[in-house]
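To keep things clear, I will list the structure first and then write my remarks on it.
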Amino acid sequence: MTSRRTMMFERLAWIAVLALCVAPAWAQRAQRPMHKASASTAPATVAGPTLQDRVFESTALGRQMHYRVLLPEGYNATERRYPVLYLLHGWNGDYKNWETRTNLFEYAKGLPMIIVMPDAGNSWYVNSATVPQDKFEDYIIKDLIKDVDDHWRTIRSPHRRAIAGLSMGGYAAIKFALQYPDLFTFAASLSGAFNAPDELDHVTDLFNKSLYGAYGPDGSETRSANDVYKLAEGADATKLPYLYLAVGNQDKFFLEPNRKLVSLFSSKGIRYEYHEYPGAHTWRFWDEHVPAVLHLAAHYIVGSGR
């Protein structure tokens, strides 16, 4: 594990320098003005990133779904196409969280990529074992990516596409990278809930209703199919995106599951970097560490790719 971190010294130094330009502004967030425009009234030019909300019909879910998009500065002034980062919310959250609860708008300045923040309820981003119409994996992988590529000026290449998330969304980002390695070139997790399918409902009853709704009873095929440890065991390390994981050293439920997963990555020769930082399972932690995710994603999807 330690050798993996040292191997990434130069890249982390690059991220650290860039992060100085986007240092957290936690105390100022309440005063930050909104920079939003509806899809029908987007300005001809923009001085900075622009937020837009979109509603589209998901075939997999059979209903309309929302997502929020952060367009890079200059998007409306040119015909340029951009790489895309999908940013997934956590349990009990929604598609607005990343923009309203972190300083994402400031951190994204100067990064030439589209950031997409979808809504997924408490679905755990899986095709539900108990509610047939709740195919949330298909919604993300089949419907959302297609709608984003059809509606926005994206670069339609897996080498220009990344996925990341926090907690439930961090679990999903790594899960999708393992399940669909040909779709992404980079995936990141902050405080990933990697034990969701196999043991989380035996550790705490906080998530039990949503866990049963997503995965069904113990021993179900859905639990096995969405177990990141099993997915990592069967993965071809040479085909996987680059993986980034960070977790707080006071994270009550998810510190040990993160350690377990990266130990497995190491044994399988999977490319990754892993960090334990001071902090718990909080928005303060995610706000402090999302800049590193953004800049490393940009390195892979804006820069040289794999």
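Where a number appears in this text, it was derived from the coordinates with a stated rule and is not lab data. Keep in mind that what you see is a predicted model, and the values were worked out from it rather than measured. Quick reminder, even Gly has a Cβ in these numbers, built from the backbone with ideal geometry, and neighbours come from all protein chains shown.
Mean separation of Cα pairs under 8 Å and 6+ residues apart, divided by the residue count of region 124-182: what relative contact order is that in percent? Write down the numbers at each step before the final one.
Working: 33 pairs, mean separation 15.1, N = 59.
Normalised by residue count, the contact order of region 124-182 is 26 percent.
Along Cα→Cβ, 7 Å out, is where each label goes; now give me the distance between the ones at residue 179 and residue 259 in nm to one decimal.
Using points 7 Å along Cα→Cβ, the separation is 2.9 nm.
What net charge do the residues around residue 130 carry, taking every other residue with its C-beta under 15 Å from that of residue 130, with Lys and Arg at +1 and Asp and Glu at -1?
On the way: positive: 135, 209, 223; negative: 134, 137, 201, 218, 221.
So the surrounding residues net to -2.
What is the extension gain from residue 66 to residue 133, computed as 0.36 nm multiplied by their sequence separation minus the C-alpha to C-alpha distance, in nm to one decimal?
So the extension gain works out to 22.4 nm.
Using a simple spin-label model with points 7 Å from Cα along the Cα→Cβ vector, what separation in nm is obtained for residue 249 and residue 59?
4.9
Taking 0.36 nm per intervening residue step and subtracting the Cα-Cα distance, what contour gain separates residue 218 from residue 202 on full extension? Could the numbers behind the result be given before it?
Working: separation 16, 0.36 × 16 = 5.76 nm, distance 1.02 nm.
This chain segment gains 4.7 nm when fully extended.
What does the charge count near residue 206 come to, summing +1 for each Lys or Arg and -1 for each Asp or Glu among other residues with Cβ under 15 Å from its Cβ? Intermediate values should be presented prior to the final figure.
Numbers: positive: 209, 252; negative: 199, 201, 205, 251.
It works out to a net charge of -2.
Kindly write out, for region 199-208 in residue order, the coupling ³J(HN,Hα) from the Karplus curve 6.51 cos²θ - 1.76 cosθ + 1.60 (θ = phi - 60°), rounded to whole Hz, with x marking Gly and Pro.
Here the 3J(HN,Hα) series is 8, 4, 6, 9, 8, 8, 8, 4, 9, 4 Hz.
Give a residue-ordered list of calculated ³J(HN,Hα) values for region 58-67 (Karplus: 6.51 cos²θ - 1.76 cosθ + 1.60, θ = phi - 60°; whole Hz; x for Gly, Pro).
Using θ = phi - 60°, the values come out as 8, 5, 5, 9, x, 7, 7, 10, 9, 8 Hz.
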